[in-house]
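Please read the structure below before turning to the comments.
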């Protein structure tokens, strides 16, 4: 699955100019949703100039997807990485900037991310609720890496996917041993106040090591009164390769991500 894209620089972002790759699906509607996409990489990947299959899948669903370089200027360390991502969202929430990227005044605004990017997306959604309420229409959390203690049952599968050591290293970099784990924006799983957040789409798979923490967070959001759409894809779609893990199965999850996002947008619009 692919979608046309172009590289741009987002000027006037509060934290400074940001490089971004804009994906546009074919046959976009007049008021196509605008998605800020935050790539994964275990809080270790700072390579922006890479094709992003998740971003392409969201674009194929009819969105304008802004795959922004939110990591290279801060080495994936909290809080700077979250401040950068939030600054980009605030930039996109400006209708003038939204129009410049091909959106419309009625375009919905989403933040999306997978794995470590899913954690940052969840943190950005929290900060948006607190700082610019009403500006964010939805959050898309795809296998979000939410638990620094890595204690869930499904996480035992991380040994098979080859990701445990990488995730441990990534959490150490992100939190920097500075107590960031206690801050709700750094580890949304431990946030005690989830009410008032934008509707959420939470995606995972049966053979995903991050399945349990993803589903738990979705359940906590729902208990807090947040509109949540949860989807667990069947095993065998090659899902762990989504975030760099190992899988014996050929990746086939892109179409599922596309369909799930389409349904989520319809839910938000209803």
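The values are calculated or read from the model by the stated rules, or taken from the named source; none is laboratory data. Worth saying up front: this structure is predicted, and the values here are computed from it rather than measured. Note that each Cβ is placed from the backbone with ideal geometry, even for glycine, and that neighbours are counted across all protein chains shown.
Points to keep in mind about this one:
- Residue within the stretch 33-40 that is touching a residue at least 12 places away in the same chain (Cβ under 8 Å), surrounded by fewer than 23 Cβ atoms within 10 Å (Cβ to Cβ) and part of a loop (DSSP other than H, G, I, E, B) present: no
- Look at (1) more than 16 Å from residue 120 (Cβ to Cβ); (2) under 13 Å from the mean Cα position of the chain (by Cα) and you find that residue 85 fails only one, number (1).
- Of the residues making up the stretch 184-193, those that are closer than 16 Å to residue 128 by Cβ and in contact (Cβ under 8 Å) with a residue 60 or more places away in the chain number 5.
- Considering 81, 65, 54, the condition of being outside any helix (DSSP H, G or I) and touching a helix residue (DSSP H, G or I) at 6+ places or on another chain (Cβ under 8 Å) is satisfied by 65 alone.
- Single residue of the stretch 235-251 satisfying the filter (over 20 Å from the mean Cα position of the chain (by Cα) and without any contact (Cβ under 8 Å) to a residue 60 or more places away in the chain) that is nearest to residue 143 (Cα to Cα): 235
- Among the residues of this structure, residue 104 does not count as one that is free of Cβ contacts under 8 Å to residues at least 12 places away in the same chain, surrounded by fewer than 20 Cβ atoms within 10 Å (Cβ to Cβ) and more than 21 Å from residue 189 (Cβ to Cβ).
- Test: residue 145 is under 21 Å from residue 249 (Cα atoms) and buried (at least 17 other Cβ atoms within 10 Å of the Cβ): no
- Restricting 175, 203, 242 to residues that are in contact with a helix residue (DSSP H, G or I) (Cβ under 9 Å, 6 or more places away or on another chain), on the phi < 0 side of the Ramachandran plot and at pLDDT 95 or above narrows the list to 203.
- Matching residues in the stretch 252-270 - criterion: being under 17 Å from the mean Cα position of the chain (by Cα) and assigned to a loop (DSSP other than H, G, I, E, B): 253
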